[in-house]
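No lab work stands behind these numbers, since they all come straight from the coordinates. From a predicted model like this one, the values you see are computed outputs, not experimental measurements. Positions of Cβ are generated from backbone atoms using ideal geometry, with glycine treated the same way; all protein chains shown enter the neighbour counts.
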Amino acid sequence: MIKLYDFELSVNCYKARLLMSLLDVAFELVPVDFYPGWEHKTEEFKRINPLGHIPVLDDDGFVLWDAHAILVYLATRYDTSRQWYPVDDPQLLGRTASWMLFAEGTTNTASAARLHVNLGYDFEIESVRAGAHRLFRYLDEHLWFTEREGRCWVCPGDHPTIADIALFPDVALAPEGGIDLLDYPALRRWCDRIKRLPRFVVMGGIFPASPGR
């Protein structure tokens, strides 16, 4: 069975948990005392991941780190439909990869602001908030135009990709970092659509979709 070295409140760990749930893949959690214990920085943990980061995935002895690499692996290994990571469509695959890179930006801004507020990380808070708003404005406009074309997701097509999973928690938890989503209606509607996917799971600070919408 897959083991995921995990911290409940980590957005990067949640991305892996969410995708495995959506794919209906069984897994076991190995809790890591990320805070306040900083277990991921211990020499013992660095024997698992020399970089001292979480999440780490162990799939029957195959060990992989980096949240987005884990998403690529899981989708390629366990999604027989090839929809979450569309390897059979070069253009769609390229767009998915492009938005995965965009998600690195939202992690470095919106999620950084959340870490500053919740865990006291030493980020220049106004700078990371401004960076998040710049990215959110672009993403909201992109999603608004996709809705006008009758589409629901970040990439073209009628099914979400791992790019949606990579972006979602950074956006959904942005208010914890003092980043209001009020001015991003298309972004909020997209979050709601993700919450309505079959087998969607929550984490601390991310709640189920409101009923009746």
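Could I have the simple spin-label model distance between Val25 and Ser127, label points 7 Å from Cα toward Cβ, reported in nm to one decimal?
About 3.6 nm separates the two model spin labels.
Work out the charge dipole of the range 90-195 with +1 on the Cβ of Lys and Arg and -1 on the Cβ of Asp and Glu about the Cα centre, then indicate which of Gly120, Leu187, Gly157 is farthest towards its positive end.
With unit charges placed on the Cβ atoms, the residue in question is Gly157.
Using the charge dipole of the range 2-78 (Lys, Arg: +1 at Cβ; Asp, Glu: -1 at Cβ; taken about the Cα centre), state which of Thr42, Leu4, Ile70 has its Cα farthest towards the positive end.
Ile70
When the Cα centres of the range 6-40 and the range 98-170 are compared, how far apart do they sit, in Å?
Taking the Cα centre of each part, the range 6-40 and the range 98-170 sit 20 Å apart.
Taking amide H atoms as placed 1.01 Å from N in the peptide plane, list the residues 5 or more away in sequence, or in a different chain, whose amide H sits under 5 Å from that of Ile2.
HN-HN under 5 Å from Ile2: Glu28.
Quick one: putting +1 on the C-beta of Lys and Arg, -1 on the C-beta of Asp and Glu, what dipole do you get for the chain around its Cα centre, in Debye to the nearest 20?
On the way: 22 positive and 30 negative charges, 112 e Å.
Using Cβ point charges on Lys, Arg, Asp and Glu, the chain gives about 540 debye.
What order, most packed first, do the peptides 163-175, 112-124 have when packing is the mean number of other Cβ atoms within 10 Å of each residue? Show your work: numbers first, answer last.
Working: 163-175: 24.6, 112-124: 16.9.
My ranking of the peptides, most packed first, is 163-175, 112-124.
Return the distance in nm (one decimal) between the two label points of a simple spin-label model at His159 and Arg189, each offset 7 Å from Cα along Cα→Cβ.
2.4 nm
From the Cα trace of the chain, what convex hull volume per residue do you get, rounded to a whole Å³? Could you put the intermediate results ahead of the total?
Details: hull volume 26.5 nm³, N = 213.
Each residue corresponds to 124 Å³ of Cα convex hull volume.
What 222 nm value per residue comes from the helices of the chain, counting each DSSP H run with n ≥ 4 as -39,500 (n - 2.57) and dividing by all residues, nearest 500 deg cm²/dmol?
Details: 8 runs with 99 residues, N = 213.
For the chain, the value works out to -14500 deg cm²/dmol.
By a straight-distance test (C-alpha under 28 Å), which lysines pair with Lys41 as possible cross-link partners, with residues fewer than eight away in the same chain excluded?
Cα-Cα hits under 28 Å: Lys3, Lys15.
Over the chain, what is the percentage of antiparallel beta bridges among all DSSP beta bridges, to the nearest 5? Don't skip to the answer; put the middle values down first.
Details: 9 of 14 bridges.
Once the DSSP bridges in the chain are tallied, antiparallel ones form about 65 percent.
Given H placed on each backbone N at 1.01 Å, which residues far from Cys155 in sequence or on other chains put an amide H within less than 5 Å of it?
Close amide H contacts, sequence-distant or interchain: Thr161.
Evaluate the distance, in nm, between pseudo-label points positioned 7 Å from the Cα of Tyr78 and of Glu141 along their respective Cα→Cβ axes.
Once both label points are built, they end up 3.7 nm from each other.
Roughly what % of Cα-Cα distances in the range 95-165 sit above 20 Å, to the whole percent?
Details: 915 of 2485 pairs.
Tail of P(r) above 20 Å: 37 percent of Cα pairs.
When a/c reaches 1.5 or more, the comparison of a/b and b/c decides; with that in mind, is the range 24-102 rounded, prolate or oblate per its Cα gyration tensor?
On the way: a/c = 2.85, a/b = 1.93, b/c = 1.48.
Because a/c hits 1.5 or more and a/b exceeds b/c, the range 24-102 counts as prolate.
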